[in-house]
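Student: Once you've had a glance at the structure underneath, I'll fire off some questions.
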Amino acid sequence: MSDTVHTECFDETPTRVVSGHGALGSSRACLAGMGIGKALVVCGENVVKLPEVKEFTEACEGCIEIEVFSGAEPDPTDENVLEGGRMGREFGAEAVIGIGGGSSMDCAKAIAAEIGAEGWINAQDRPGEPTEIEHDVLPIVCVPTTAGTGSEVNPFSVITFTGTERKLVLNHERLYPRCAVLDPALLTSAPKHVRVAAGLDALTHAVESYVSTRADRSTRKWAAECIGLVAEYLPRVAEDAGDMQAQARMQRAAMVASLSFAQTRLGIVHAMALPLSALFGVPHGIANAILLPHGMRFNCPADPEAFAKIAELLGEDIDGISTEEAANLAPSAVEKLAVQVGAPTTMSEVGVEEDAIERMAEDAMSSAHVQVNPREMSREDVIAVYEAAM
Ligand SMILES: [Fe+2]
């Protein structure tokens with residue numbers, strides 16, 4: 001194992017985190033050490049072409065047999081899961097390795113469960129009901145190629161069910177990855193708009209988790225770490241994909257935000273962002289980035305101390321001003337950061353039509369994230385936040 005690669009364990013997740021330059025290569029030894037002889041790699045069609053991934057699969061030859069399922073779509077569907085599951089069963093996979101953004105990792109988790117029980121995914125299209133897994137799930141290894149979702153250390157898997165057009169979050173402790181491999185070399189091929197969207201998604205996870213009604217000292221510690229890292233390193237990553245120190249710090253930021261929000265859940269911004277993606281195809285991180293300052297302004301009165309701290313973490317000078325004044329600096333600090341990294345700042349810029357606001361507000365209010373938002377929100381409040389973001 002290279003001396004730049006190290007392993008960490010956390011109280012918040014059973015996932016072992018292996019990180020550093022060369023982490024992907026060293027995970028080969030880790031898999032072999034787990035007694036795994038056959039692994040199904042799950043990824044999208046672009047990731048399969050990455051040189052690091054090719055190197056990894058070639059290097060496995062002789063010790064671990066690899067089969068590649070490159071059919072994980074950007075919003076993975078139940079059909080992707082069935083197909084990957086079939087391939088994994090026929091191959092005799094003993095582990096599933098998800099390489100890619102959140103979509104590929106989420107797809108890999110569901111495929112690992114599907115391999116053990118054919119047709120399992122079909123029974124999970126039940127909104128509001130807990131995910132059921134009564135069989136053993138193959139060990140899951142997640143290898144992120146974007147620094148955003150933090151799916152590599154949490155038990156969530158977002159799957160779109162084609163029959164009902166429902167996008168549901170599966171959540172079960174057996175979907176926790178056994179191991180997460182954070183290799184910053186894998187982040188460099190993503191284009192700027194993807195790096196920016198991913199980083200702003202991680203920031204939104206951290207801010208929403210920090211102020212969630214379920215937040216505690218431990219979740220706030222991780223959320224605070226993420227906010228500070230994003231403020232410092234996202235501008236560098238946006239500017240230069242080859243800045244490996246900044247990439248590694250963003251990878252850490254996304255991962256620790258996930259340790260936090262897996263406990264607390266999210267809030268108004270994620271609830272409102274989902275319809276922007278579902279109806280207008282706005283990338284998840286961009287939808288969050290546009291709505292985040294407006295959601296923060298709405299939430300500020302509920303917890304000014306928390307928002308004052310967030311302003312400070314984002315680099316604002318809060319010395320000698322009142323808590324309320326400091327809290328009010330937090331949303332504008334996010335706006336400044338979004339402009340600095342070149343993200344869109346209004347819904348109209350990304351093609352959202354004003355007459356969809358009522359419908360989007362209905363959808364947002366049905367999200368479970370509403371329940372942990374620090375300030376109670378009505379349909380009218382949501383409409384006002386959308387209008388402010390137009
Ligand atoms: Fe998110």
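The values are calculated or read from the model by the stated rules, or taken from the named source; none is laboratory data. Not measured: the values here are computed from a predicted model. Methodologically, a virtual Cβ is constructed for each residue, glycine included, from the backbone with ideal geometry; neighbour enumeration extends over all protein chains shown. Keep in mind that these areas ignore ligands, DNA and RNA; they rest on the heavy atoms of the full protein, side chains included. Shrake-Rupley method; radii C 1.70, N 1.55, O 1.52, S 1.80 Å.
Student: Looking only at Ile111, Ile140, Ile321, which one moves most when the chain is put into a Gaussian network model with springs between Cα atoms under 10 Å?
Tutor: Checking each option, the largest mean-square fluctuation is seen for Ile321.
Student: Would you calculate a helix-derived [θ] at 222 nm for the chain, using -39,500 (n - 2.57) for each DSSP H run of n ≥ 4 and dividing by the full residue count, to the nearest 500? Don't skip to the answer; put the middle values down first.
Tutor: On the way: 13 runs with 191 residues, N = 390.
Computed mean residue ellipticity for the chain: -16000 deg cm²/dmol.
Student: Also: Suppose we keep just the alpha-carbon trace of the range 243-390; what are its Rg and Dmax in angstrom?
Tutor: My reading of the Cα-based Rg and Dmax gives 15.5, 45 Å.
Student: Also, I was wondering about something else. Compute the acute angle (0 to 90°) between the alpha-carbon long axis of helix 23-33 and the principal axis of greatest extent of the alpha-carbon atoms of the chain; round to the nearest 10°.
Tutor: 50
Student: Probe radius 1.4 Å, ligands and nucleic acids ignored: give me the carbon and sulfur share of the accessible area of the range 191-389 as a rounded percent.
Tutor: 47
Student: Then there is this: Using the Karplus curve 6.51 cos²θ - 1.76 cosθ + 1.60 with θ = phi - 60°, what ³J(HN,Hα) values do you get for each residue of the range 246-253, in whole Hz, with x for Gly and Pro?
Tutor: Ordered by residue, 3J(HN,Hα) equals 5, 4, 5, 5, 5, 5, 5, 4 Hz.
Student: Grab the chain and count how many Lys pairs have their alpha-carbon atoms under 27 Å apart, sequence gap of 8 or more, or different chains.
Tutor: 13
Student: Under 10 Å, Cα contacts only: if you run a Gaussian network model on the chain, which one of Ala93, Ala123, Ala253 comes out with the highest mean-square fluctuation?
Tutor: So, out of Ala93, Ala123, Ala253, the one fluctuating most is Ala123.
Student: So what is log10(I(q)/I(0)) for the chain at q = 0.11 1/Å, when the Debye sum runs over its Cα atoms only?
Tutor: -0.74
Student: So how far, in whole Å, is the C-alpha centre of the range 28-71 from the one of the range 92-157?
Tutor: A separation of 17 Å, based on Cα centres.
Student: Related question: Return the equivalent ellipsoid semi-axes of the range 6-186 as a descending list in whole Å, where each equals the square root of 5 times an eigenvalue of the C-alpha gyration tensor.
Tutor: Values: eigenvalues 116, 57, 48 Å².
That gives 24, 17, 15 Å for the three semi-axes.
Student: What is the local net charge at Leu200, summed over the other residues whose Cβ is closer than 14 Å to its Cβ (Lys, Arg +1; Asp, Glu -1)? The partial results should precede the final answer.
Tutor: Numbers: positive: Lys192, Arg195, Lys336; negative: Asp201, Glu208, Glu335.
Cβ neighbours under 14 Å give a net charge of 0.
Student: Can I ask one more? Might you tell me the accessible area per residue for the chain, computed with a 1.4 Å probe and given in Å²?
Tutor: Value returned for the chain: 40 Å² of accessible area per residue.
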